[in-house]
């Protein structure tokens with residue numbers, strides 16, 4: 001089956017990110033296709049390139065990036081939610097006159113239309129809230 | 001048949017919203033702090049959906065509640081969670 005994940009909370013805040021990661025890994029292990037993980041509301045903080053948690057704690061940002069690399073899972077970040085929280089890729093940083101960027105691939109800034117598309121295209125859309 | 005997930009404890013008003021939103025065949029999966037609702041002392045709160053309540057093994061284990069669930073609550077692991085989403089037409093998340 002084709003699945004999409006919607007994640008609405010930031011890392012190191014609630015259990016939502018851990019639940020979403022565990023569920024997504026279980027989907028892939030079972031042979032399902034994950035067409036995208038969409039990060040919305042405070043979930044956009046999962047794309048923070050500069051996250052530097054203590055070494056003895058799970059690195060949740062890297063965990064998503066690893067899933068994307070190993071299983072070609074698209075990581076889509078709502079651009080409107082991201083910009084107002086200071087999460088900008090190179091292009092947006094240049095456009096807004098900011099030095100440095102805080103989002104890098106495999107995370108991609110994208111529009112809310114992508115979430116609608118995932119909902120229409122996938123057999124299942126599973127939401128993990130705060 | 002829909003799957004409803006709930007990550008809030010039985011004390012939360014979100015439980016009432018979830019129960020009100022459930023159809024006669026729908027299933028309720030308790031995750032995160034929601035697994036507190038799997039304890040025998042809480043079962044009166046879940047009477048309207050008795051026999052259709054599931055609780056996530058991993059979240060029970062992390063809270064030291066494995067083996068303490070009411071016998072009517074079915075314990076599923078993360079693979080069981082995936083299976084429930086396969087069986088149910090859609091999944092509604094309450095939080």
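Could you list all residues from the stretch A:37-49 that are within 14 Å of another protein chain (Cβ to nearest Cβ) and assigned to a helix (DSSP H, G or I)? Residues satisfying the conditions are A:41, A:42, A:43.
In the set A:80, A:52, A:68, only one residue is more than 14 Å from chain B (Cβ to nearest Cβ) and within 27 Å of residue A:1 (Cβ to Cβ); that residue is A:68.
Would you point out which residue out of A:77, A:34, A:17, A:73 is within 14 Å of the chain's Cα centre (by Cα) and part of a helix (DSSP H, G or I)? Don't jump to the end; show me each part of the working.
Details: A:77 fails: part of a helix (DSSP H, G or I); A:34 fails: part of a helix (DSSP H, G or I); A:73 fails: part of a helix (DSSP H, G or I).
The conditions single out A:17.
If I filter the stretch A:8-28 down to residues being over 18 Å from residue B:57 (Cα atoms) and either touching a strand residue (DSSP E or B) at 6+ places or on another chain (Cβ under 7 Å) or facing chain B (nearest Cβ under 9 Å) (or both), which single residue comes out as surrounded by the fewest Cβ atoms within 10 Å (Cβ to Cβ)? Only one residue tops the list, namely A:28.
Here, each number is a calculation from the coordinates, and none is a lab measurement. All values derive from a computational prediction rather than experimental measurement. Positions of Cβ are generated from backbone atoms using ideal geometry, with glycine treated the same way; all protein chains shown enter the neighbour counts.
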